[in-house]
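Please treat every number below as a calculation from the coordinates, not as lab data. Since the model is a prediction, treat every value here as computed from it, not as a measurement. Heads up, the Cβs are rebuilt from the backbone with ideal geometry, glycines too, and the neighbour counts pull from every protein chain shown.
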Amino acid sequence: MKTERFLELMNDLPEELLQKGETPRRKRSFPLLAAAACITLLAGICLFPLFTASPTDVPHGESFGESSLDESSGDVSYEPIVIPVVPLEPSSPQALSGQSLHFIQGSSANGSGGASAPPRFEFSVYAQCVVKAKLTEVLEDLYQPLEVSPSYRPTQYRLLKFETLEVYRGEDVPSEFYYRIPAYLQGEFTKYDCFFLSMSQVGLAGYATVNLTESAVEQLRLPLFEDYLGKPQLGGIIAFTDGVFDESLWQDESWIYGYQFGDHLLDAEDPYLVVHRGYREEDTAAAIREQIADLSYPPEKVLYLSSLPEGEAKALAEELLSMENGIYAHWTTVSSAVFTRFIDGCQTEERIVIDFATGEITPSEVSYTPSDLESLPNIALYAEMLAKSYRERLPTPPLVDPAGKELLSLSVYAWYAKAGDQVYGVCKTTWVYYQDGEGYTAYNYFDEAYLLCTPEENRTVTREELIELLGIRNLLRYPLGEAYEIPLC
């Protein structure tokens, strides 16, 4: 569909669909603050239930909803973010050119955060790698994974470059690596002499990530690691200065659990804590070695493309890594590299898995041909337009009544899918609302609306129609418009 027609479609949307969203932020009550940690942990779990209920229809036509947003729910705070990503020069005959990369994701309403009680702070020795490392550089730019949740705002990261000093667990650990840490965690990392890191590998050298500061897709030249839980404040990183445990790493309140740990538990006689106030580096290292010696399973190896034997698999991996607007290596499993095709920053279902042990290549059933790539709807543009329209006016969900509920997140997510010989683009708008319940219970409400795009046209479709055509990929996996119970610890 032409850009002009899309703008006409947006102008034709009924007034009831859009409601001004310039309302003040409301303060969360203390009970909600106390439950924030539980909700955060459970939110991830909520994305995985099996799709057992029958799909719920959304209204037909050009509108995503017909009822206006009730003014009693005027405690919404929302500011969408739009990330234009400048395409890199294509280096493959299959790579696209002349189009911008885009990823659009809605912003969640932010509170001050909080937790009900400090958890047990235990430095894990069960991760893939446990090392002593020296920080050599803090990269100034902000980063975001290329593949993110289609429903929640993606986490932004900073990258820390480390030099390995000693390996306690893990094989073939690199002498240098990147370690990613959520950007909301504050601290002056350069003031510490060394760190103990409990971590797992995220990506190979060549891992593709979005550099938010430069608005470009960037491929890292060193292997990438992160805390084994993805939450370093839970115990995956400890710092030392002059050979003594330095608790100041967690003094900033952005390290919620670390801050509580430093305030409450440092002097506790808990046998599970690896470090206490005043602990020496050598004693901590000895405790880690002792615990690792008791493990009954071998350490995992760090994966490198260079470790693949010469042959078809290695040649293919090198070719895939050279494609800058095609297929990217974005994740590794215990023994394989997974390459996913992204077109203009939008995910497809095409994947290629390379097994490091056997060199076996396993492609997905779906693949995009050169002719597919020549005639694609520019869904990144459509998604950007939707996000811009939401910047001024909030869309009304088709099924959920917003009255008395808090809007946790509103997102626009775009992806490509192929059915038969036809390639479709899908732009999805997702709402997640929160409502307090009684006692230790709260509720989430989910809603979605879908725009189906082809080069010739686009139209809004029901969830049932979308599932029949493309399956349930990238759709929320529970009934829409209904209360989803959340136990509050």
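What pairs in LYS231/LYS301; LYS191/LYS231; LYS132/LYS314; LYS231/LYS428; LYS405/LYS428; LYS388/LYS418 have C-alpha atoms more than 24 Å from each other?
Over 24 Å apart, Cα to Cα: LYS132/LYS314; LYS231/LYS428; LYS388/LYS418.
Nearest 0.05, what FRET efficiency do SER367 and ALA293 give at R0 = 56 Å with Cβ-Cβ as r?
Values: r = 47 Å, r/R0 = 0.85.
Efficiency for this residue pair is about 0.75.
Per the Cα gyration tensor, segment 153-281 maps to an equivalent ellipsoid with semi-axes of 27, 18, 13 Å, ordered largest to smallest.
Grab the Cα-Cα distance for ASP263 and VAL353, subtract it from 0.36 nm times how many residues apart they are, and report the gain in nm with one decimal. Don't skip to the end; give the middle numbers.
On the way: separation 90, 0.36 × 90 = 32.40 nm, distance 4.58 nm.
Here the answer is 27.8 nm.
If R0 is 51 Å, the Cβ-Cβ spacing of ALA315 and ALA286 corresponds to a FRET efficiency of close to 0.65. The HN-Hα couplings worked out from phi for segment 189-198 by the Karplus form 6.51 cos²θ - 1.76 cosθ + 1.60 (θ = phi - 60°) are 5, 6, 7, 9, 6, 7, 10, 9, 10, 10 Hz, whole numbers, x standing for Gly and Pro. Taken along the Cα-to-beta-carbon direction at a fixed 7 Å, the label points for GLN219 and ARG277 span 5.1 nm. The label point for ASP401 and the one for THR333, both projected 7 Å from the Cα toward the Cβ, are 4.6 nm apart. In order along segment 164-177, the phi-based Karplus estimate (6.51 cos²θ - 1.76 cosθ + 1.60, θ = phi - 60°) of 3J(HN,Hα) comes to 6, 9, 7, 10, 9, 8, x, 10, 6, 5, x, 6, 9, 7 Hz; Gly and Pro are listed as x. For segment 242-392, the mean projected area of the C-alpha convex hull, equal to one quarter of the hull surface, is 16.2 nm². Label positions at GLU163 and LYS388, each projected 7 Å from the Cα along the C-beta direction, are separated by 4.8 nm. Taking segment 293-322 and a reference point 7 angstrom along Cα→Cβ of ASP172, the backbone N atoms nearer than 14 Å belong to 299-310, 314.
Shown is the FRET efficiency for VAL244 and GLU485, computed with R0 = 56 Å from the Cβ-Cβ distance and rounded to the nearest 0.05: 0.75.
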